[in-house]
Amino acid sequence: MFIHQKGYDSLVKILGICLAMLLTSSMVSNISAGEHVQYQVTITGFKFVPKELHVMPGDTITWVNHDIVPHSIVISSSQKDISPVLDSGETFTYIVEGNMAYECGLHPPMKGKLTIP
């Protein structure tokens, strides 16, 4: 019985080491692949804050309307709406695909920019 227990303890140690190695390699893989970052842009005082963000494809941008008037997000180059009209307190989330200059569809002087370095 003692020999069996010792063999069992050795097996548990070996499995523990294997599990630790597997978890470590998984963590290194995630770090090297890069985690996507979540950003928030506040809409307040008829401005996008921050006005410009340096982002990577796959990052997430959430616009939060803190103004008392509605706003929307439009791609400047194509005038394509990417968001619905956001009333005060509403949010819109977008996954970055590439560089993008944007503006408010209701107030075109309001401008922002997503830049990939």
(request) Return yes or no: is Met110 within 22 Å of Val37 (Cα to Cα) and modelled with pLDDT of 95 or more? (result) no
(message) Condition (residue is under 20 Å from the mean Cα position of the chain (by Cα), in a strand (DSSP E or B) and of a type in the set (Val, Ile, Thr)) applied to segment 92-105: is it met by at least one residue?
(response) yes
(message) Criterion first (in contact with a Phe, Trp or Tyr (Cβ under 9 Å, 6 or more places away or on another chain) and farther than 22 Å from Gly98 by Cβ) does Thr42 satisfy it?
(response) yes
(request) Sort out which residues of segment 95-106 are out of contact with any Leu (no Cβ under 9 Å at 6 or more places or on another chain) and within 10 Å of Ile73 (Cα to Cα), and write them in order of number. (result) Glu103, Cys104, Gly105, Leu106
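Tell me, yes or no, whether segment 59-76 has at least one residue that is small (Gly, Ala, Ser) and surrounded by fewer than 14 Cβ atoms within 10 Å (Cβ to Cβ). Lay out the reasoning, then the answer.
Of the residues in segment 59-76, the ones small (Gly, Ala, Ser) are 72, 76.
This time we only want the ones that are surrounded by fewer than 14 Cβ atoms within 10 Å (Cβ to Cβ), so: none.
No, there is no match, as no residue in segment 59-76 is small (Gly, Ala, Ser) and surrounded by fewer than 14 Cβ atoms within 10 Å (Cβ to Cβ).
The values are calculated or read from the model by the stated rules, or taken from the named source; none is laboratory data. The structure presented is a predicted model; accordingly, all values stated were derived computationally and were not measured. Here Cβ is always computed from backbone atoms with ideal geometry, including for glycine, and neighbour counts include all displayed protein chains.
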